[in-house]
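K.L.:
Here you go, one structure.
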Amino acid sequence: MNPCPVYEWKSQTVFLFFICVRQHVSEQWQIWTGQNAARLCYIRSGDAGQTWSSLTDLTEQVIGEDLKDWATFAVGPGHGVQLHSGRLVIPAYTYHITARCCRLPLPWGTQPRSLVFYTDDCGQRWHKSELIEGMKTGECQVAEVACRACDPMLYCNARTPCRCRAAALSTDQGLTFENPSSCKKLCEPPHGCQGSVVSFTPTTGLLEADGAEGPDAPAHETTCLLNSENAPSAIRRSTLSWLLYSHPMDKSKRVNLGIYLNQSPLNEAKWEHPWLLYQGPCGYSDLAVLQEASAPLLFGCLFECGVTHACEEIAFQLFCFEDLQSSLEEPKSKQKSD
């Protein structure tokens, strides 16, 4: 369940993470009873997926004694990332038990919390981060945001039951995350839905169209949220990355898959009006960036969709930045006409 691949460029190895769960055991049963039935597993391929290794179970090595306080957990779903430092990062979430009565978890004491698994030695040894505290956060994805005047930051975008997404930043490559903030511009349907996020470096042409003068021009300045109260800090950073995000656009049900752009990734108020990728029932999605020095910037989206319900089929669509421009221009034109 919950496939989550990541590519390690140095060894040219694909790690495919997932969880294995005992047959006929549901996630809800684990949450109610506090009896975890999930295992953290992966397989790997060194030949672009033609052959795969046998399964490796990391549960005891990575989670260990903390497993007794995890009612259940999962990775992804979606993709992991490799940071510029070489670290591999796998997004994950757990239902963390903080209170029990007669050995059973109390409903208010078991809450979803996002985290990441990571390795710094090409997959030899894996570790887990601290849990993201401060909000109920579940399925998540992460993206590295390059900054001009400081080290890159790791951005986490997570599902919540609060009718909007949550975002949290890490300044230590995912070891810890600041308390998350609510993304009012990124709505959630009732009970939420998985979403995907990727970062990319805008081309010279995109920077010029945005008012900059190429790669040496000043990057977007955004205010980071660095303290527990999520108040703007006096520290300002210039970001070199932009973010792209995919998720159903409707606030009441899983329909109309939208693609959102943020040219100032550390400012949640800067998410643009979404571009409609698919009209109709839709669900989970996963984004990819196809960026090479001498080739046009392309994006890919793998997503659930259908005619009557969201899980009838899985589709894939390529698109370019120009496809998003209509969504950026439409709100401005509407504002002028009003």
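K.L.:
Suppose every K and R has +1 on its Cβ and every D and E has -1 on its Cβ; what is the size of the dipole of region 1-120 about the Cα centre, in Debye to the nearest 20?
P.N.:
In total the dipole reaches around 220 debye.
K.L.:
Per the helix-only calculation at 222 nm, which mean residue ellipticity applies to the chain, given -39500 (n - 2.57) for every DSSP H run of n ≥ 4 and division by its residues, nearest 500 deg cm²/dmol?
P.N.:
Computed mean residue ellipticity for the chain: -2500 deg cm²/dmol.
K.L.:
Can I ask one more? What does the charge count around Ser252 come to, taking other residues whose C-beta lies under 14 Å from its C-beta (Lys +1, Arg +1, Asp -1, Glu -1)?
P.N.:
Result for the local shell: +2.
K.L.:
Please give the peptides 238-247, 159-168 ranked by average Cβ packing (other Cβ atoms within 10 Å per residue), highest first, as a rough proxy for protection.
P.N.:
The densest-packed peptide leads the list: 238-247, 159-168.
K.L.:
Then there is this: Using a Förster distance of 25 Å, how high is the FRET efficiency between Trp29 and Cys162, based on the Cβ-Cβ distance and rounded to 0.05?
P.N.:
The formula returns an efficiency of 0.55 here.
K.L.:
Say the dipole of the chain comes from +1 at the beta carbon of Lys and Arg and -1 at that of Asp and Glu; which of Phe303, Thr203, Gln23 then lies farthest toward its positive end?
P.N.:
Towards the positive end, the residue furthest out is Gln23.
K.L.:
Report, in debye and to the nearest 20, how large the dipole of the chain comes out about its Cα centre when Lys and Arg carry +1 and Asp and Glu carry -1 on their Cβ.
P.N.:
Around 1020 debye, computed over the chain.
K.L.:
How far apart, in nanometres, would the label points at Leu318 and Arg22 be if each is projected 7 angstrom from Cα along the Cα-to-Cβ direction?
P.N.:
Modelled inter-label distance: 4.7 nm.
K.L.:
Follow-up. What whole number of Å gives the distance from the Cα centroid of region 241-277 to the Cα centroid of region 77-113?
P.N.:
Each part reduced to its Cα centre gives a spacing of 24 Å.
K.L.:
Moving to a separate point now. Can you put Asp120, Asp286, Asp57 in order, fewest other beta carbons within 10 Å first?
P.N.:
The fewest-first ordering by Cβ neighbours comes to Asp57, Asp120, Asp286.
K.L.:
Let's see if you can work this out: charge +1 on each Lys and Arg Cβ, -1 on each Asp and Glu Cβ, no other charges. What is the dipole magnitude of region 251-304 about its Cα centre, in debye to the nearest 20?
P.N.:
Rounded to the nearest 20 debye, it is 280 debye.
K.L.:
Considering only Gln173, Cys193, Gly78, whose Cα is most displaced toward the positive end of the charge dipole of the chain, charges sitting on Cβ of Lys, Arg (+1) and Asp, Glu (-1)?
P.N.:
Cys193
K.L.:
Please go through the residue pairs Lys68/Lys136; Lys68/Lys185; Lys136/Lys253; Lys136/Lys270; Lys136/Lys185 and name each one whose alpha carbons sit more than 29 Å apart in this structure.
P.N.:
The answer is Lys68/Lys185.
K.L.:
Another question, then. If you build a Gaussian network model of the chain, linking Cα atoms that sit under 10 Å apart, which residue out of Trp275, Trp32, Trp126 swings the most?
P.N.:
Between Trp275, Trp32, Trp126, it is Trp32 that shows the largest mean-square fluctuation.
K.L.:
If you keep only loop residues by DSSP, which trypsin sites (Lys or Arg not before Pro) in region 100-143 have at most 13 other Cβ atoms within 10 Å of their Cβ?
P.N.:
The qualifying sites are Arg103, Arg125.
K.L.:
While we're here: Take Gln291 and Arg125, extend 7 Å from each Cα along the Cα→Cβ direction, and tell me the distance between the two endpoints in nm.
P.N.:
Reported label-point gap for Gln291 and Arg125 is 3.2 nm.
Quick note: the coordinates plus some simple rules give every number you see, no bench work behind them. A quick note: this is a predicted structure, and the numbers were derived from the prediction, not measured. All Cβ positions, even for glycine, are placed from backbone atoms using ideal geometry, and neighbour counts span all protein chains on display.
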